[in-house]
Amino acid sequence: MQIHLTIYHPKHAGILSAAVELNADQLILLHRKEDDISGLKSAVQARGIKCTSEWVNFDTQQVREQFVRLIENNQQNNLILNASSGYNKLILIAFEQFNALGLPVFMVDKFTDQLSWLNTSVNNQDSNPAEIHLSHHIKLQEYLKSFNTQILEQGQTTPEPESSRQLTHWIINQLGKADKAISSLNYMAMSADANHRFQLSAADLKNHQLQQLLDHFEAADKLTVRGRKLKFKDQDSRFYSNGGWLENHVFALLYGMRKNRPALADLAKGMTIVRNQGTVKNELDVAAIIHNRLHIIECKTRRFSNSKADKSAANSAIYRLDTIKSSSGGHSGRAMLISYQNLNKYTLSRAKDLGIYCCSHTQLKQLQRHLYQFIDQQNTQ
């Protein structure tokens, strides 16, 4: 039997992906008493891999004795130490024991998704190279589950219809020309009543740029305008008009990029998640598993000026992104903020400090290039 001895850490990945890649038969998962391992254990077992667990503490002598016992009890098996996850002291003690006895040790780099054998001469797998890039088997549901995050709503997994795509491309081409009109339409969609109706003002009717925008949306069957009465076709059309078009655009680009980036293993739009069976829900505009790491993208169409209120709203978006990528993606999680409007220097600086990639306003005309850069970038914080 191939058995991986692993040490759990709530912010580290690399246990599930390595077990799947190397066809492990069993995991022995060591963890602190206060750590919740239920999600990772469930994800591992769902892959048909047996998973047993033991408590571990930080007493040096006790930890050494625990490793000695585990090694002795598995002499007839191919026992391998996965040093990808865990607390430094425990990993170092484990490595000390395995290396002294000539037992194999590997680790998965959290940035490159590369599996490296740390003592290749004794890895008992001579046909394997010293370093391999993991295959892309992990899906959103099981990755999130391993971080004790549950999916309440899967969201959309296919791109929008071609008619909407044409309208979305037209909107992108209006960057810098129709910003105020698009902001006005966002407001209308947000403020419409329960029947998706909104009363246009006299100023709205005289606004040539706004009327041109409404004409395009009406031609795409998103809304109708009769005098001062504007009515969105349905909830989906109202969502699209309230900035949903940007989410659709990002999702469609990523969907098309899969043929050039096979590491993009899973993708969803509008996914709703909750942490630890809690009650606080979070909707992910776009979520993806790339190189066996969680990537989340937030799409904004509102204006972030230098006013105190707008700075607060921008900071809230940045901190929300940082919290979700850390809690549901661990140290390997990545995040990106895409804004139709310009982002102020304060927001960009804050995002840079937190390792969040930003793309805004006229940069959206080269959005695909920025998306490639975001998913190909290996380094993060």
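Overview of values
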read-out: Cα-centred dipole magnitude for the chain, charges only on beta-carbon of K, R (+1) and D, E (-1), debye, nearest 20; value: 1620
read-out: Within a Gaussian network of the chain (alpha carbon springs, distance under 10 Å), most fluctuating of K145, K177, K206; value: K206
read-out: Residue among I15, I273, I93 with the largest mean-square fluctuation in a Gaussian network model of the chain, springs linking Cα atoms under 10 Å; value: I93
read-out: Percent RCO, i.e. relative contact order, over the chain, from Cα pairs under 8 Å lying at least 6 residues apart; value: 15
read-out: Å³ per residue enclosed by the Cα convex hull of the stretch 2-135; value: 101
read-out: Residue-averaged [θ]222 nm for the chain, counting only DSSP H segments that reach four residues, each worth -39500 (n - 2.57); value: -12000 deg cm²/dmol
read-out: Cα-based Rg and Dmax for the stretch 14-74, where Dmax is the largest Cα-Cα distance (Å); value: 12.6, 35
read-out: Mean separation of Cα contacts under 8 Å (6+ apart) over length of the stretch 179-240, as relative contact order %; value: 35
read-out: Highest-fluctuation residue, N342, N119, N292 considered, GNM on the chain with Cα pairs under 10 Å; value: N119
read-out: Bins of 10 Å, starting at 0 and running to the largest distance - Cα pair percent for the chain; value: 5, 21, 27, 20, 13, 8, 4, 1, 0
read-out: The stretch 106-222 shape via C-alpha gyration tensor axes, a/c threshold 1.5; value: prolate
read-out: Pairs of Cα atoms farther than 14 Å apart, the stretch 312-371, %; value: 54
read-out: Positive-end residue, the chain charge dipole about Cα centroid, Cβ charges, pick of F147, S17, F106; value: F147
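Where a number appears in this text, it was derived from the coordinates with a stated rule and is not lab data. Worth saying up front: this structure is predicted, and the values here are computed from it rather than measured. Note that each Cβ is placed from the backbone with ideal geometry, even for glycine, and that neighbours are counted across all protein chains shown.
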